[in-house]
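Everything below concerns the one structure shown next.
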Amino acid sequence: MFRFELTPNNAGIILWGDTAALDELHQFIHFAVDESPLIKIKDGFMLALAYDIRKAREGCRRTEQYQYEEGDSYQLYGVELLWPLVLLQSAILRRSMSYIQTDKKQLSIMYAFEHILESALQEFLPGNRAEIMIKMASSVSDSDFEWLEDCIDSRCCYFLSQPPAKRKEKLDKILCSFDSLWSQYAREKPDTKMLNTMNNTDWVWPDTIHW
């Protein structure tokens, strides 16, 4: 089973799951990364998702007792996932599945992961913004993989540098910036300024993330 919790500072979600669900997701991500012809760097940001899921399963991130119907409870394990990163990772996994042979169990694991992300995104964003964001992530996931690997730190660190309200406001533009061609069409001054800041700053991931 999976469930989600939005983080208080608009950075992402906490993905909660039992050991079986997390283990299946961890194995599926490794399989997809290994087999996908799209994922050219096998030990990069895509495998980082599997690492986070494994650490959650091992109880190294968050744990809680989840109360379920008439006193039954389950031990759940959780991990924080960053919005721009996990939306891109999920979209690349989905696109990769068009090129590799998967069985019904693997499909069900991917559907469950997508469902929890989309449910969280719909709660996070009002109106039709969630659906637009999902389509946007799917579109940019078709970008050259080495370009995505090169720019992942700058986009994510820029997102983290923003105050909570701006994270929510700028998430769509940050996702757009994963498209290497987007800079050619960004005409508004705030977008140009954002791109210049992301591309011309030596970003270092913060020691402490304000989730």
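The values are calculated or read from the model by the stated rules, or taken from the named source; none is laboratory data. Only a predicted model underlies this, so the values are computations on that prediction, with no experimental measurement involved. Every residue, glycine as well, gets a Cβ built from its backbone with ideal geometry; the counts of neighbours run over all protein chains shown.
Summary of computed values
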| item | result |
| --- | --- |
| Those strands (runs of 3 or more DSSP E) lying entirely in the range 1-102 with at least 3 residues over 17 Å from the mean Cα position of the chain (by Cα) | 62-68, 72-82 |
| Some residue of the range 185-197 being among the small types (Gly, Ala, Ser), modelled with pLDDT of 95 or more and more than 24 Å from residue 37 (Cβ to Cβ) | no |
| One residue from 134, 174, 209, 152 being at pLDDT 90 or above and in contact with a strand residue (DSSP E or B) (Cβ under 8 Å, 6 or more places away or on another chain) | 209 |
| Selection from the range 162-203 of residues that are touching a residue at least 12 places away in the same chain (Cβ under 8 Å) and among the small types (Gly, Ala, Ser) | 165, 177, 180, 183 |
| The range 97-122 residues that are within 18 Å of residue 2 (Cα to Cα), paired with ones that are part of a loop (DSSP other than H, G, I, E, B) and among the aliphatic types (A, V, I, L, M) (beta carbon under 7 Å, 6 or more apart) | 110/97 |
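One line per residue, one yes/no per condition, for (1) loosely packed, with under 15 Cβ neighbours inside 10 Å; (2) not in a helix (DSSP H, G or I):
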| position | (1), (2) |
| --- | --- |
| 137 | no, no |
| 146 | yes, no |
| 149 | no, no |
| 159 | no, no |
| 169 | yes, no |
| 175 | no, no |
| 179 | no, yes |
| 191 | no, no |
| 197 | yes, no |
